[in-house]
Amino acid sequence: MKQKLLSFFLLFTLLIGAVYAQERRVSGKVSDENGQPLPGVSVVVSGSTIGTQTSNDGMFSLSVPAGAVSLTFSYIGYKTLVQSLSAGNNLDVTLGINASELSEVVVVGYGQQSRALSTQTVASVSSESFKNVPIQTPQQILQGQAAGVNMVNSSGVLGAEAQITIRGGSSLSAGGRPLYVIDGVPLNSAGAQYTQAQGGASALNPLININPNDIESMTVLKDASAVAIYGSRGSNGVILITTKKGTGQGKTKINADYFTGFSKPTSLEPMMNADQWRQFRTDYLTANNASVPQFPTTSYDWIDNVVRTGHVNTANLSATGGSEKTTFFVGGTYSTESGYTIGNQMDRLSGRINLNHKVSDKVNFGVNYNLSHVDMDRIGAENNTYAPLTSAYLQLPYITPYGPDGKFQNTGFIANVIAIEQTGINKNWSDRSTGNAYAELEVIEGLKLKTDWGIDNYKIDEKYRESDLLTPGGYGYRTNYTDNKWLTTNTLNYNKTFDGRHNIGALLGYSFEKATLTQIFVEGTGYASDGLPNVGSASNPVSASEEIFDWALESQFARVNYSFDDKYLFEGSFRRDGSSRFGPNKKYGNFYALSGGWVISNEGFFNKDNNIAQFLKLTTSYGTAGNDNIGYYDYLGTFLAGTDANSQIVNYNGESGLVPSRVANPNLSWEETAQFDVGLSGRFFNAIDIQMNFYNKTSRDLLLNVPLPFTTGFASASQNVGKLRNRGFEFTINSENINRDHFTWRTSFNIAFNKNTVLELPENRDEDGRNFLGTGEQRAIVGHSKNTFYLIRYNGINPETGDAEWLTKDGTPTTSPTAADRVIVGKADPTFQGGITNTFTFKGFDLTAFFNFTQGNDVYIDGLEFTDNFGSGSYNKSVKLLDYWRQPGDQAFAPALNSDTRTTYHQPSTKQMMDGSYLRLKTLTLGYNLPSSFLAKTKIFSSARIYFLGQNLWTVKSKDFRGDPEISANGASNLTIGQSFFALPQAKSYTFGVNLTL
C-alpha cells in the first residue's frame, strides 16, 4: 500500500511539473501616454478568464498557459490593447486615451473626475465642439448643446443677457440665473443693478467680458450630487468655465484667428407706409362719422432708417506652450461689432494669462488672470419710446425727423430716435479683472493641500446726455458702479487606491468671499449749450445719490468618493453656508447630497467582447441646494424720510421725520431645492454614446414678498413661503455614424422634457379660489406652471357681423368680455427643447449644421396692443389692419371699421399670444483645412483653415407667429418669460474667417 501511494504521489508530481513546464510567468508595467503608471488595469489572457490587475505602480505579473497568443489590456477611459506575447517574459505597454467611451475627465465642483466613474450628472461642452467657430458670447456655446439647459436670447440688443434655466426655473422672485464659476472663481452677478434699464427688463450679460476663444470647456452641473457642493447658490444650476492652459511639450504654439461678417434682423413687423396710413385713417374716421383732418403729405420710412446692416470684426491671438516644469497660455482679443439698429455698437478688448509652475515634485503654483474692457454705445431696448425699433414701429409714417428748415425736429411723445442717435450720448464702459492665484502642496502621497485666492473686480461707467431738442434745456446723467469681490478657498484633497480595487477620494474645504457694490448716480437739467456734455455743466442738479451694499459668504464643505473594483461607486457631499443676506436667526444653511453608481459593464458576467454594449452605468442621487440671490438687507427693518401725497417731507414740530418702510424678519432664510435623479449611460456598437436621466426637483421656502394686512402699515414683507416642483427627463446621444479614412459623419442629439408645477403659495385667491402670484398677462398659479398665461380668449372676427368676438369664462362668444372672463390659456415654459448637430468631414473639408428647437411654449407680444389698435391716431398701424371686415362672409383679420368692438380689439387676450414652438438652423459652418503637405513647404504654419459661418439662417415656426419666436425680453426673470414689447429679434448673420497655427 505504501509503495502504491508513493508511486501515485510521484506520478502526480510529474504531471503537475509537466503542466507548469508548459506555463510561463509574464510581468510588466502599464503606463499612459505620458509615461505615468496606471493602477487597476485589467490584464487578461485573450480568449480566457485568466487575468489580474495592475498594482498602484502599474506593475502586473501573470501566469500564462502554453499556447496563449496575446494579452488584452483594458481600462476605463483608455483604448483596449491586444498585445502579442513574444518569447520574453517582460512586457511593458502603453495605453492610449479613448475620448469616445464616456470616460474623459470632466470638471466638477472643486476638482475633476473620470466621467465613467462619476456619479454626478453633468453636461460638458469642450473646445473641440466650438473650435474655429466665431462665437461672441460664452452662452452661445451652450445653446442646444446640453440636455436640460434651456437658453433663450432675450433680444437682439448687443450685450443683453440671455435667459438660461437648468432643469426648469427653481424660484419665483429670487434670482433665476445659474452660478457662473470661472477657474474656481464665482462671478459677481448683481445683474440689473449694474446699469440703467432704458426700457428693457433684461440685464447686461454677466459674461460679456469673457472671451469665448479662451474657454477650454463649459460644464453644467445639474443634479444634486453635482450642485450641492456649491450649497447656497446651486439651486439654479452651476456652470463651470475652464479656460485654456499651457502644454509641457516644449514647443510654443501660436494661434491666430480673424473673422468678419454682417447681420440683418431675422424678422420685422410690416407697418403701414404714409399713403396706407392716411387712407386707412380717412376710411376709419369716415366710417364713424368723424371729421377727417388734412393730413401732411410727407412720408418717411422709420423702420428702414433705424435698421441697417450690422458688422463684426474680431481678431484673436494666443500662444500656448511651456516646459516640463512651467506651462503657460497667453491670449488676447479685439472685437468691434455694430448691431443692425442705429446707435448699437460694442467694442471689446481683453487679455488673459494662465501660468503654472512646478517648483518640485511636491509643490506647484499658478495664476489665472483676465483683464477686459468693453466700450458700448447703448440704445433703448424695448417698451421705451427712445428705443430705435419701438419708436420706428409706433412713429406716424408722415412725420419726418427733419423740419422744414432741414434741422432735426422734436416729434413729441414718440421720440425722434434719428436725432437721439445723432445728437445724444448713450455710453457704457466696463472694465473687469477676474482671476486667481493658487499654490498646491503634496503633503504625503495622495494628500494635497491647496490654497486659492481669487478676485472679481467689475467697474461699469455710464454716461447719458440728450439735447435741448428732446428735453428743453437738455438732460444728462452719469452712473458709476463698482462690484469688487475677493475670496479665498482652501482645500485638502486625498486620493488613494488600495489593493488595486479600492479607490478613495476625499475633499475638505473652507472658503470665504466678500463683495462690495457701490452705486453713484447724478443727474441734471438746464444746459447752456448742447456742446456741454458733462453733468457738471447742468445748471439744475436733479439728484445725486450714493449707495453701498456689502455682502459676504462663509462656507465649509466636504466630499467623499469611494469605488470598488471600478464597479460600485459612492459619493457624499456636505456644505454649510453662512450668508449676510439673511436674518440673524437663520444665516446658516446646510446642504448635502448622496449618490451611488453601478458600472454594469465591469461585472464578470458582462461580456466586453460583444458587439452590442461596451459600457453601461446606472447612477442615482438625492440632495439639496439653496438660493440666496435676493436683496442685500431684506431681513432688516428700515426707515425712510416720510413724504406726504405731495411728496413733501413730513415734519414734526418743524423737524424732519422718518417713517417705517420695511418690516424686519430675523428668520428670513434660504430657499432650498431638493432633487432626486436616476440616470443610465452607455456605449453601444462601438459608436453610440447614450445618456438618459429622470429627475424630480422640489423647491421649498421660496423667497417671496408676502402681502400684509393694511392695518400693519406695511404693504408686504420678505418671507420664506411657497413650494415649486420641476420634473423631467433628459436624453443625449452622440454617434459616430461613419468613420472612414477620408469621410466621417458624427451626430449629437439631445432633448429634455420638463414640467413645472407650483405646489404652494401664500394666501392670495383668484376668481376660481386658487392661490396665485403675479400681475398682468402671466401668473404663477397653484397646480400649474409658474409661467402660466391668464387671459381672455380671442375667438376671431364673426364673418356675418364683422364684430371681434371673445369667449366668456364658460366659453360663450361675446363682444364685451370682462376681466372675470380670464382663464388659463397656456404657459411660457416649453414642454421640451433641445438640439441636433451633424458634422461631416471629407478630406480637408468640414461641414457642421446645428439646429435647436423648442416645443409647447407660448409667447406674448405686448407690442401688438399698439400696432393693432384701431382707435388711436397717435401711432402707426400694422398692415394687417388693412384686412378689415367689409361685407358678410369676409374672413377678415380685423373687425369692421365702425364695429363697436373696434375700440376694444387691441385689449390683452390670446390674440397677442402665439405658439412659440420653433425649429431653427442656428449655425451652419463650412471650413477647409489646407493640406499639411502644402503647409510644410511654408515652414511657418502647422495648420491653416478658412471657414464660413451662417447664424439663424432658417426658422420653422407657427404660420401665425408675428416676429421672432426666440425671445424672452425679461432676461433672467423667473415670473415673466416668453414676453416682449418690440424686443429686437435675433440677428441673421454671415461670417467669414481664417484660423492659422504656427
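The values are calculated or read from the model by the stated rules, or taken from the named source; none is laboratory data. Computed from a predicted structure; not experimentally measured. All Cβ positions, glycine included, derive from the backbone under ideal geometry; neighbour counts span all protein chains shown.
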Q. Taking the stated definitions as given, is Lys407 within 30 Å of Thr333 (Cα to Cα), of a type in the set (Lys, Arg), assigned by TED's automatic domain parsing to the domain that holds Asn209 and surrounded by fewer than 19 Cβ atoms within 10 Å (Cβ to Cβ)?
A. no
**Q.** Inter-residue pairs, beta-carbon under 7 Å, first outside any strand (DSSP E or B) and in segment 528-550, second among the small types (Gly, Ala, Ser), 6+ apart
**A.** Asp530/Ser467; Asp530/Gly474; Val535/Gly476; Val535/Gly524; Ala538/Gly476; Ala538/Gly524; Ala538/Gly526; Ser539/Gly526
Q. Taking segment 413-462 as the search range and keeping residues that are in a loop (DSSP other than H, G, I, E, B) and of a type outside the set (A, V, I, L, M), which one is farthest from the chain's Cα centre (by Cα)?
A. Glu445
Q. Got a number for residues in segment 241-263 being closer than 16 Å to Asn305 by Cα and either outside the structural domain of Ile215 (by TED's automatic domain parsing) or surrounded by fewer than 17 Cβ atoms within 10 Å (Cβ to Cβ) (or both)?
A. 0
(Q) Cβ-Cβ distance below 7 Å, separation of 6 or more or different chains: which pairs start in segment 798-815 with a residue that is more than 16 Å from Thr910 (Cβ to Cβ) and end on one that is aliphatic (A, V, I, L, M) and assigned to a loop (DSSP other than H, G, I, E, B)? (A) Gly802/Ala896
Q. Does at least one position in segment 529-549 carry a residue that is buried (at least 18 other Cβ atoms within 10 Å of the Cβ), at negative phi and under 30 Å from the mean Cα position of the chain (by Cα)?
A. no
Q: Among the candidates Asn952, Asn929, single out the residue that is among the polar types (S, T, N, Q) and within 19 Å of the chain's Cα centre (by Cα).
A: Asn952
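Out of segment 282-318, which residues are assigned to a helix (DSSP H, G or I) and over 29 Å from Pro265 (Cα atoms)?
Just the residues of segment 282-318 that are assigned to a helix (DSSP H, G or I), to begin with: 282-287, 302-306.
Once the filter is applied, which keeps residues that are assigned to a helix (DSSP H, G or I) and over 29 Å from Pro265 (Cα atoms), segment 282-318 yields Thr282, Asp283, Tyr284, Leu285, Thr286, Ala287.
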Q. Which of (1) closer than 30 Å to Ala146 by Cβ; (2) without any contact (Cβ under 8 Å) to a residue 60 or more places away in the chain; (3) assigned to a strand (DSSP E or B) is the odd one out, the single condition Ser785 does not satisfy?
A. (3)
Q | Top-ranked residue in segment 244-267 [being assigned to a loop (DSSP other than H, G, I, E, B) and in contact with a Pro (Cβ under 7 Å, 6 or more places away or on another chain); ranked as farthest from Val312 (Cα to Cα)] | A | Ser267
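With segment 554-629 as the region, which strands (runs of 3 or more DSSP E) entirely inside it contain at least 3 residues that are surrounded by fewer than 22 Cβ atoms within 10 Å (Cβ to Cβ) and without any contact (Cβ under 8 Å) to a residue 60 or more places away in the chain?
Working: elements: 568-579, 588-599, 613-627.
It comes to 568-579, 588-599.
Condition check ((1) surrounded by fewer than 20 Cβ atoms within 10 Å (Cβ to Cβ); (2) without any contact (Cβ under 8 Å) to a residue 60 or more places away in the chain; (3) within 30 Å of Ser391 (Cβ to Cβ)) across all residues:
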residue: Asp915; (1), (2), (3): yes, yes, yes
residue: Thr923; (1), (2), (3): no, no, no
residue: Thr938; (1), (2), (3): yes, yes, no
residue: Ser942; (1), (2), (3): yes, no, no
residue: Lys959; (1), (2), (3): yes, yes, yes
residue: Phe992; (1), (2), (3): yes, no, no
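Among the residues of segment 715-732, are any among the polar types (S, T, N, Q) and within 30 Å of Leu616 (Cα to Cα)?
Filtering segment 715-732 for residues among the polar types (S, T, N, Q) gives 716, 718-720, 726, 732.
Now restrict to residues that are within 30 Å of Leu616 (Cα to Cα): 726, 732.
Yes, segment 715-732 contains a residue that is among the polar types (S, T, N, Q) and within 30 Å of Leu616 (Cα to Cα).
Would you mind stating whether Ser878 is modelled with pLDDT under 90 and on the phi < 0 side of the Ramachandran plot?
Numbers: modelled with pLDDT under 90: no; on the phi < 0 side of the Ramachandran plot: yes.
The answer is no for Ser878.
Conditions tested, residue by residue: (1) in the same structural domain as Thr320 (by TED's automatic domain parsing); (2) touching a strand residue (DSSP E or B) at 6+ places or on another chain (Cβ under 6 Å).
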{"site": "Phe893", "(1), (2)": "no, no"}
{"site": "Tyr918", "(1), (2)": "yes, yes"}
{"site": "Arg945", "(1), (2)": "yes, yes"}
{"site": "Asp964", "(1), (2)": "yes, no"}
{"site": "Phe981", "(1), (2)": "yes, no"}
{"site": "Gly993", "(1), (2)": "yes, yes"}
Q: State all residues of segment 490-526 that are out of contact with any Phe, Trp or Tyr (no Cβ under 8 Å at 6 or more places or on another chain) and not in a strand (DSSP E or B); if no residue qualifies, say none.
A: Asp499, Gly500, Gly526
Q: Take segment 32-84 and flag every residue that is modelled with pLDDT of 80 or more and either of a type in the set (Ser, Thr, Tyr) or on the phi > 0 side of the Ramachandran plot (or both).
A: Thr54, Gly58, Ser61, Ser63, Ser70, Thr72, Ser84
Q. Which residues, counting only those in segment 900-913, are assigned to a loop (DSSP other than H, G, I, E, B), crowded, with 20+ Cβ neighbours inside 10 Å and β-branched (Val, Ile, Thr)?
A. Thr910
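Kindly provide the set of residues from segment 487-506 that are over 30 Å from Phe60 (Cα atoms) and surrounded by 16 or more Cβ atoms within 10 Å (Cβ to Cβ), ordered by number.
Keep residues of segment 487-506 that are over 30 Å from Phe60 (Cα atoms), which gives 487-492.
Leu487, Thr489, Thr491, listed by residue number.
Which of the residues spanning segment 338-384 are among the β-branched types (Val, Ile, Thr) and part of a strand (DSSP E or B)?
Within segment 338-384, Thr341, Ile353, Val363, Val367, Val374 qualify.
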